[in-house]
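One structure is given below, encoded as structure tokens.
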Amino acid sequence: MITLSVLLIAGAVVGVVAQHRAARTRRPSGPSHPSGLSDLDAEAEANHWLLRLGGGLVPPDARAWAGADESAGRRLISAADCLRAARAQLDQARTAGEYAEVTRMAKEGLEQLRVARAALGLTPTPVGDRTPGARRPAGAGAR
């Protein structure tokens, strides 16, 4: 009985060591995002930019968007396509690099949205590179 217990414990230790080695070969330890963000921070940043893009696609005045010329309409469609693609990629993302790609797509959509809003005569919102939680400089109010 003691021999069986020792074999079971040794097998469990070998299994745990094998799992840790496999995890290390799949994903390097430490931040894998060029900016040094952890996977969780990169995910939060990607979600921030996706929310910002989704909120920007809600028209403040539907009549202004209904009268969009062809160029502005193409930009709005492109922004919506970026949102859909980024959401789909977010569902599959697991690493900081994959979340960075989601962030890049969302920012690209925001740029398309900015150009479309300018073409519609609406106040374009800058894309900016502020990270979530970053503060505005003193005296910088909403425009």
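The values are calculated or read from the model by the stated rules, or taken from the named source; none is laboratory data. Just so it is clear, the model here is predicted, and its values are computed rather than measured. Here Cβ is always computed from backbone atoms with ideal geometry, including for glycine, and neighbour counts include all displayed protein chains. Keep in mind that these areas ignore ligands, DNA and RNA; they rest on the heavy atoms of the full protein, side chains included. Shrake-Rupley method; radii C 1.70, N 1.55, O 1.52, S 1.80 Å.
Remarks
- Residue count for segment 90-105, restricted to those that are over 13 Å from ALA42 (Cα atoms) and touching a helix residue (DSSP H, G or I) at 6+ places or on another chain (Cβ under 9 Å): 2.
One line per residue, one yes/no per condition, for (1) modelled with pLDDT under 75; (2) under 30 Å from LEU120 (Cβ atoms); (3) buried (at least 16 other Cβ atoms within 10 Å of the Cβ); (4) among the acidic types (Asp, Glu):
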| site | (1), (2), (3), (4) |
| --- | --- |
| VAL14 | yes, no, no, no |
| ARG27 | yes, no, no, no |
| LEU57 | no, yes, yes, no |
| LEU76 | no, yes, yes, no |
| ALA79 | no, yes, yes, no |
| ALA93 | no, no, yes, no |
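- ARG87 vs. criteria surrounded by 14 or more Cβ atoms within 10 Å (Cβ to Cβ), more than 26 Å from ASP41 (Cα to Cα) and modelled with pLDDT of 85 or more: no
- Filter result (in contact with a helix residue (DSSP H, G or I) (Cβ under 8 Å, 6 or more places away or on another chain) and open to solvent by 50 Å² or more (accessible area, probe 1.4 Å)) within segment 60-73: ASP69, SER71
- First in segment 104-125 and free of Cβ contacts under 8 Å to residues at least 12 places away in the same chain and of a type outside the set (Phe, Trp, Tyr), second anywhere and open to solvent by 30 Å² or more (accessible area, probe 1.4 Å) and in a helix (DSSP H, G or I), Cβ under 7 Å, 6 or more apart: PRO124/ARG114; PRO124/ARG117; PRO124/ALA118
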